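**Student:** A single structure is presented below for examination.
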Amino acid sequence: MTRGRLITLEGGEGAGKSTLAARLCAALAAEGLAVVQTREPGGSPLAEALRGIVLHSWNEGMAPQTEALIISAARAAHWRATIAPALAAGQWVICDRFIDSTTAYQGSAGVPQGLLDALAQLATDGQRPDLTLLVDLDPAVGLARARQRGDDNRFEAADLARHQAIRDAFRVAAAAEPQRFRVLDGSLPPEAVLTAALAALADARQGWTAHG
Ligand code: TMP
């Protein structure tokens, strides 16, 4: 059985990742591939319960260190319950947010990257995504979109400067690993973002075929 592929979608609030995830899954399924759509934090019953804890607005607040630990615990559960079995069964996994969101959100809030790398390694047994699509968008535009559709989690409530730092951190991560990342222009209409994503995927698949 050939192992499946893990494709992660990353980006700030309102970048259009969720729409893209659904369309990408439909496109791959139309090819005859077995596809699993999932998300983080969440993606398994235990991980979804931890998502509720991390998105809740606690009166005492939640430090980025606490977020990193809970989100990593959720990832460890999600990996074992959902992602690893799917990959082992030859399925393709499309995951809305993954390790790079932790770098962008908790890393830019002050958690050292070395510790986040160690947590990611622990959560996923050292496995990394095969391809990461970063949907890049001006956070002023993304936040307006997210608020228009009624999203109001405590991360979205942060100020624009905070979201700008998150965008910058995503871009730094993408530049550091050009083999794994492709950056898509999130200001384009959803159809054009899908077209760009499919082109990026086709390009990545050529490399996988060539290198195994
Ligand atoms: P979502 O709204 O895209 O589903 O994500 C929920 C929130 O969780 C989003 O505001 C970003 C945040 N988040 C982190 O801060 N770190 C992470 O590692 C992940 C996966 C999400």
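The values are calculated or read from the model by the stated rules, or taken from the named source; none is laboratory data. These numbers come from a predicted model, not from an experiment. Cβ sites come from the backbone with ideal geometry, for glycine too, and all protein chains shown count toward neighbours. The accessibility values were calculated without ligands, DNA or RNA, using every heavy atom of the protein model including side chains. Shrake-Rupley method; radii C 1.70, N 1.55, O 1.52, S 1.80 Å.
**Student:** Does any residue in segment 146-161 that is of a type in the set (A, V, I, L, M) come within less than 7 Å, Cβ to Cβ, of a residue that is in a loop (DSSP other than H, G, I, E, B) six or more places away or on a different chain, and which pairs are these?
**Tutor:** Listed pairs, sorted by first residue: 146/13; 146/14; 146/156.
**Student:** For segment 145-167, how many residues are surrounded by 13 or more Cβ atoms within 10 Å (Cβ to Cβ) and away from the ligand (no atom under 14 Å from the Cβ)?
**Tutor:** Qualifying residue count for the region: 1.
**Student:** Checking the structure you have, find out if any residue of segment 120-138 is more than 16 Å from the chain's Cα centre (by Cα), on the phi < 0 side of the Ramachandran plot and not in a helix (DSSP H, G or I).
**Tutor:** yes
For every residue, the table says whether it meets (1) open to solvent by 30 Å² or more (accessible area, probe 1.4 Å); (2) within 15 Å of the chain's Cα centre (by Cα).
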{"residue": "59", "(1), (2)": "yes, no"}
{"residue": "68", "(1), (2)": "no, yes"}
{"residue": "83", "(1), (2)": "no, yes"}
{"residue": "86", "(1), (2)": "no, no"}
{"residue": "96", "(1), (2)": "no, yes"}
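**Student:** Quick one: which of 195, 209 is within 18 Å of residue 28 (Cα to Cα) and surrounded by 11 or more Cβ atoms within 10 Å (Cβ to Cβ)? Can you show your working first?
**Tutor:** Working: 209 fails: surrounded by 11 or more Cβ atoms within 10 Å (Cβ to Cβ).
Just one listed residue meets the conditions, 195.
**Student:** Quick check on segment 11-19. Is at least one of its residues at pLDDT 95 or above and touching a Phe, Trp or Tyr at 6+ places or on another chain (Cβ under 9 Å)?
**Tutor:** Yes - at least one qualifying residue is present in segment 11-19.
**Student:** Continuing with this model, one more query. How many residues does segment 121-130 contain that are surrounded by fewer than 22 Cβ atoms within 10 Å (Cβ to Cβ) and of a type in the set (A, V, I, L, M)? Explain how you work it out, then say what you get.
**Tutor:** We begin by selecting, within segment 121-130, every residue surrounded by fewer than 22 Cβ atoms within 10 Å (Cβ to Cβ); these are 121-122, 124-128, 130.
Right, trim to of a type in the set (A, V, I, L, M) and you get 122.
Count: 1.
**Student:** Next question. Given the structure, is residue 136 in contact (Cβ under 8 Å) with a residue 24 or more places away in the chain, of a type in the set (Asp, Glu), open to solvent by less than 40 Å² (accessible area, probe 1.4 Å) and more than 9 Å from the ligand (Cβ to nearest atom)?
**Tutor:** yes
**Student:** If you don't mind, another one. Take residue 122 and decide whether it is of a type in the set (A, V, I, L, M, F, W, C), at pLDDT 95 or above and within 15 Å of the ligand (Cβ to nearest atom). So that I can check it myself, show each step before the final result.
**Tutor:** Values: of a type in the set (A, V, I, L, M, F, W, C): yes; at pLDDT 95 or above: yes; within 15 Å of the ligand (Cβ to nearest atom): yes.
Against the criterion (of a type in the set (A, V, I, L, M, F, W, C), at pLDDT 95 or above and within 15 Å of the ligand (Cβ to nearest atom)), residue 122 qualifies.
**Student:** Something else about it: Just checking, does segment 177-185 include any residue being part of a helix (DSSP H, G or I), within 14 Å of residue 11 (Cα to Cα), free of Cβ contacts under 8 Å to residues at least 60 places away in the same chain and open to solvent by less than 80 Å² (accessible area, probe 1.4 Å)? Outline the logic, then answer.
**Tutor:** Initially, segment 177-185 is screened for residues part of a helix (DSSP H, G or I), giving none.
The answer is no, given that none of the residues of segment 177-185 is part of a helix (DSSP H, G or I), within 14 Å of residue 11 (Cα to Cα), free of Cβ contacts under 8 Å to residues at least 60 places away in the same chain and open to solvent by less than 80 Å² (accessible area, probe 1.4 Å).
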